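The values are calculated or read from the model by the stated rules, or taken from the named source; none is laboratory data. As the structure is a prediction and not an experimental result, all values here were calculated from the model. Heads up, the Cβs are rebuilt from the backbone with ideal geometry, glycines too, and the neighbour counts pull from every protein chain shown. To get the accessible areas, we keep the full protein, side chains included, count just its heavy atoms, and leave off ligands, DNA and RNA. Shrake-Rupley method; radii C 1.70, N 1.55, O 1.52, S 1.80 Å.
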Amino acid sequence: MRAVPALLLRNVSLWTPVDEGSARAGRAQGELFHARRGALFCRDGVISAAGEEADVVRALGGRRGGGSAAVEELDCGGRCLIPGFVDPHTHLCFAGSREAEFLQRLQGAEYLQILERGGGILSTVRAVRAASIEELYTQTRERALTCLRHGTTRMEIKSGYGLDTRTELKQLEVIRKIGAETPLAVSATFLGAHAVPEEYRGDAEGYVELLVTEMIPAVRSSGLAVFCDVFCEAGVFTVEQSRRILAAGAAAGMAAKLHADEVHDTGGARLAAELGAVSADHLRAAAEENLRALAAAGVVGVVLPATTYSLRKTHAPARRMVELGLPVAIATDCNPGSSFTQSMPFVLGLAVLELGLSPAEALTAATLNAAYAMGAAERGGSLTAGKDADFILLDGETPGCLAYKAGVPPISGVYRRGIRVAGGEVRG
Ligand SMILES: [Zn+2]
């Protein structure tokens, strides 16, 4: 990434969750720091100071304009400044389309039925296996840049459409390249246990054996994944199989994430709590005692409202999770089957209007708690000195404008490490 001059944004209404070393839970999830007349100063891609404009300017003191690089100043005309969105659960790396399946679903076909017929995930697996690495990269890059235009500056991307060693590594290599060659900060998750591939139909145990003895060691040698994830669900992987896969992942240096209790309560959330996973995701069918166990274990609950919206299912009980003290994050779950959106503003709007989070709780869910849900809070998720200068300028009076102005994100600038990477011209 090219060198960044020092940048001072003045006259902003600055809103950010406060990072006190853990994800924000309960009442704290809805508490934001707000500077009515705020400013942010960054240098070399890192935030030096953020807060009330008078304090930031005073802290700058003689450093402004002095030294080797001049300071670029921008009067933002009172626009909102918020942290860049963090999207902690995506399946962005895929090929092919499942629009026809979407139309089938509109006519009443159930997701698990489609899966049993060899459709769903398995049709994407065939497309990803057939795609060259260049084709897969080009398609994934296009989607990633759309995320960026919608304010996402940091994201997790999962493998899981290869389901064989060679193709899973191909996906992980594409994901690495997205992080290296686009402005986005990217963390990779190995999701070889996304489904049982066709060649192991009826033999999930055999596939688990392959995962543990061949695929996970190969991923470890490649050094391409930070997390290991499992789709723990009735008809996919059992809790026992999930435990075995995640143990092998942990032994290979990959922290656990889990697709837990999306359709049925099979004990996935309980397993995530037992393992101290980084996150437990979906959770719409999780029992309340297991949500409490997640909270006690310090696991972040990731809810995926665009998925439940697209599948026309009841949403995860995010409001209740906040009441139970479970830190809630939100993510797009961008994938070709059940949630084809790259837009965190859309997901945030659903979180407010459908799940009953306040705009402040939803902003925390889309930034700081999302960063904790992907082990990246050291660098992102809040406007805190020392973190990457990743932020968004909004045309609105409060972060609530993201839910208020539905469908057309009121984003006038997206910055990653202090560089404007998307958004229109800002005039004072
Ligand atoms: Zn997922």
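Miscellaneous remarks
- For the residue pairs Lys170/Lys257; Lys257/Lys387; Lys177/Lys405; Lys177/Lys387; Lys177/Lys313; Lys177/Lys257, the alpha carbons lie more than 29 Å apart in Lys177/Lys405; Lys177/Lys313.
- Residue-level accessible surface for Glu99, protein heavy atoms, 1.4 Å, Å²: 130 Å²
- DSSP beta bridges confined to segment 288-428 are antiparallel in about 75 percent of cases.
- Computed magnitude of the charge dipole of segment 283-428 (debye, nearest 20; Cβ of K, R +1, Cβ of D, E -1): 200 debye
- With Cα atoms defining each centre, segment 91-109 and segment 185-248 are spaced 23 Å apart in the structure.
- Protein-only accessible surface order, largest first, of Val57, Val219 at 1.4 Å: Val57, Val219
- Computed magnitude of the charge dipole of segment 1-138 (debye, nearest 20; Cβ of K, R +1, Cβ of D, E -1): 160 debye
- Segment 274-397: C-alpha gyration tensor shape, a/c 1.5 cut-off, then a/b vs b/c: oblate
- Across the options Pro5, Ala293, Ala403, the greatest Cα extent toward the positive end of the charge dipole of the chain (unit charges at beta carbon of Lys, Arg, Asp, Glu) belongs to Pro5.
- Top of Arg166, Arg98, Arg149 by mean-square fluctuation, Gaussian network on the chain, Cα under 10 Å: Arg166
- When the charge dipole of segment 107-192 is built from unit charges on Cβ atoms (+1 for Lys and Arg, -1 for Asp and Glu) and taken about the Cα centre, the candidate among Gln139, Gly192, Thr153 whose Cα reaches farthest toward its positive end is Thr153.
- Top positive-direction residue, dipole computed over segment 218-279 with Cβ charges, set Ala234, Val278, Leu224: Leu224
- Three-way shape call for segment 347-428 based on the alpha-carbon gyration tensor, with the a/c threshold at 1.5: oblate
- Of Lys313, Lys170, the residue with the largest accessible area leads and the full order is Lys313, Lys170 (1.4 Å probe).
- Solvent-accessible ranking of Phe237, Phe346, largest area first, probe 1.4 Å: Phe346, Phe237
- The chain: proportion of alpha-carbon pairs further apart than 43 angstrom, %: 11 percent
- The heavy atoms of Asp75 present about 80 square angstrom of accessible area, all protein chains included, probe 1.4 Å.
- Within the listed set Arg154, Arg36, Arg284, the residue fluctuating most in the Gaussian network model of the chain (springs between alpha-carbon atoms under 10 angstrom) is Arg36.
- Dipole check for the chain: with +1 at the C-beta of Lys and Arg, -1 at the C-beta of Asp and Glu, and the Cα centre as origin, the magnitude is about 1060 Debye.
- Rolling a 1.4 Å probe across all protein chains gives Tyr111 an accessible area of roughly 40 Å².
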